[in-house]
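Data block below; observations after.
FYI, it's all coordinate maths here, none of it is from the lab. Here the structure is a predicted model, which means the values were calculated and not measured. Cβ coordinates were reconstructed from backbone atoms using ideal geometry, including for glycine residues, and neighbour counts include every protein chain displayed.
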Amino acid sequence: MRADADPNLVVYFDGRYMPMRDAHVGILTHALHYGTGVFEGIRAHWDDVQKELFILRSNEHYERWKQNCGILRIDIPHTPEELTAITAELLRRNAFKTNVYIRPLAYKCAQRVGVATDDQDAFTIIALPFGEYLPADKGVHAGVSSWRRIQDNAIPPRAKICGAYVNSAMASADARLSGFDEAILLNENGHVAEGATCNIFMVRKGKLITPPVSENVLEGITRDCIMRLAAWELNLETLERPIDRSELYIADELFFTGTAVALTPIVRVDHRFVGKGVIGPITRRLQQLYSDATCGRVKVHHNWLTPVYQAQTAEDQDLALHHEAVLV
Ligand SMILES: Cc1ncc(COP(=O)(O)O)c(C=O)c1O
């Protein structure tokens with residue numbers, strides 16, 4: 001799915017909340033020409049029974065964002081907790097009562113020509129209603145791309161660096177034009193790396209397997225959620241080891257994980273059925289566990305969630321008020 005934003009959305013830009021139609025960047029912005037930005041993707045899930053919107057693992061996402069910004073030497077002048085408070089306030093100002101995708105973006109903002117970076121940095125946070133990115137209920141047909149995954153010593157794939165997403169965009173677009181729902185990229189060693197915007201897991205002979213983070217993949221937070229849920233709830237440890245392309249063809253089950261795709265089963269790969277060509281039992285169970293955990297339906301995983309409306313802590317309120325006073 002695509003999410004086209006309503007220009008009346010409230011966004012956080014230039015240190016304050018404003019309508020998106022008033023948030024502009026100049027055409028000489030360094031990041032626009034050279035891809036020198038780092039973004040994040042965070043989900044907030046609406047639970048209609050509890051009438052609450054839960055941001056999923058917000059502090060971890062902001063921690064990762066700040067670390068990855070460090071790779072490009074972009075400074076974010078806030079702690080993850082402050083960024084979570086800014087985000088919760090942004091969601092309240094938009095009065096969202098639906099599933100939401102949150103897109104923080106930090107970038108080199110100098111207005112000039114010349115590729116070397118300097119210390120002029122800016123960031124924005126945009127949040128918009130967002131449904132399913134891929135058809136997770138029926139599963140997808142994935143195709144192995146002829147594009148190889150970028151390598152750590154060229155552009156680190158573990159960071160969500162804007163310029164690096166040319167690799168994902170080309171693989172994803174070609175996969176769709178070839179009739180697939182999504183691309184799977186191999187790395188330069190010929191091993192399975194990940195999907196264009198998601199990590200990949202395989203089930204073989206009862207074992208849950210995913211490529212290690214040293215295989216040129218993004219260190220996915222959903223990947224981590226699934227590994228934890230599998231261990232805690234199914235007593236199933238995940239084996240992190242390289243996966244060959246042909247193993248995809250003999251896997252019992254395959255699935256993608258990511259903030260946008262959640263847990264999306266792969267039922268066909270390169271015109272071959274995965275297992276029996278239907279969603280497998282481990283995939284289905286993990287999909288349900290993930291959905292319950294992210295919507296706040298399982299108490300034990302509540303430490304993953306920041307409630308936006310009801311349970312604002314005094315600390316959140318203080319931080320939000322502080323930002324109103326200082327920044328708006
Ligand atoms: C290339 C790539 N791999 C994996 C992921 C999954 O990461 P996460 O679960 O943190 O969203 C993403 C999504 O953002 C991605 O863009």
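Within the option set ILE71, ILE42, being among the hydrophobic types (A, V, I, L, M, F, W, C) and over 30 Å from GLY296 (Cα atoms) holds for one residue only, ILE71. Being part of a loop (DSSP other than H, G, I, E, B) and not acidic (Asp, Glu) holds for only one residue in PHE180, PHE123, PHE201, and it is PHE180. Among the residues making up region 191-210, those that are more than 12 Å from the ligand (Cβ to nearest atom) and either small (Gly, Ala, Ser) or at negative phi (or both) are HIS191, VAL192, MET202, VAL203, ARG204, GLY206, LYS207, LEU208, ILE209. Contact map, region 27-45: residues that are under 16 Å from ASN59 (Cα atoms) and touching a residue at least 40 places away in the same chain (Cβ under 8 Å) paired with residues that are part of a loop (DSSP other than H, G, I, E, B) and within 14 Å of the ligand (Cβ to nearest atom), Cβ distance under 7 Å, separation 6+ or inter-chain. Pairs shown: PHE39/LYS160; GLU40/LYS160; GLY41/THR259; GLY41/ALA260; ILE42/THR259; ARG43/THR259.
So LEU208 ticks every box in (1) farther than 26 Å from ILE42 by Cα; (2) out of contact with any Lys or Arg (no Cβ under 9 Å at 6 or more places or on another chain) but one. Which box is left unticked? All conditions are met except number (1). Note on region 86-116: residues that are surrounded by 14 or more Cβ atoms within 10 Å (Cβ to Cβ) and over 27 Å from THR259 (Cβ atoms) total 1. If the condition is being surrounded by fewer than 18 Cβ atoms within 10 Å (Cβ to Cβ), assigned to a strand (DSSP E or B) and either in contact with a Pro (Cβ under 8 Å, 6 or more places away or on another chain) or hydroxyl-bearing (Ser, Thr, Tyr) (or both), then region 138-165 contributes only SER146.
Across region 36-67, what is the total count of residues that are part of a loop (DSSP other than H, G, I, E, B) and more than 12 Å from the ligand (Cβ to nearest atom)?
To start, the set of residues in region 36-67 that are part of a loop (DSSP other than H, G, I, E, B) comprises 36, 40-41, 48-51, 57.
Then drop every residue that is not more than 12 Å from the ligand (Cβ to nearest atom), which leaves 36, 48-51.
Selection size over region 36-67: 5.
State yes or no: is ALA23 within 21 Å of TYR107 (Cα to Cα), surrounded by fewer than 20 Cβ atoms within 10 Å (Cβ to Cβ), small (Gly, Ala, Ser) and touching a Ser or Thr at 6+ places or on another chain (Cβ under 9 Å)? When the stated conditions are applied, ALA23 passes them. Apart from one condition, TYR133 fits all of (1) farther than 24 Å from ARG73 by Cα; (2) in contact with a strand residue (DSSP E or B) (Cβ under 9 Å, 6 or more places away or on another chain); (3) surrounded by fewer than 20 Cβ atoms within 10 Å (Cβ to Cβ); the exception is (3).
Among the residues of region 211-262, what is the count of those that are within 14 Å of the ligand (Cβ to nearest atom), in contact (Cβ under 8 Å) with a residue 60 or more places away in the chain and among the aliphatic types (A, V, I, L, M)? Residues in region 211-262 being within 14 Å of the ligand (Cβ to nearest atom), in contact (Cβ under 8 Å) with a residue 60 or more places away in the chain and among the aliphatic types (A, V, I, L, M): 8 in total. In summary, PHE13 fulfils each of the numbered conditions (1) touching a Lys or Arg at 6+ places or on another chain (Cβ under 9 Å); (2) over 27 Å from SER291 (Cα atoms) with the single exception of condition (1).
Taken over region 154-190, the residue count meeting the criterion of being within 12 Å of the ligand (Cβ to nearest atom) and at positive phi is 0. Scanning region 51-80 for residues that are exposed (fewer than 15 other Cβ atoms within 10 Å of the Cβ) and farther than 22 Å from PRO156 by Cα yields LYS51, PRO77, THR79.
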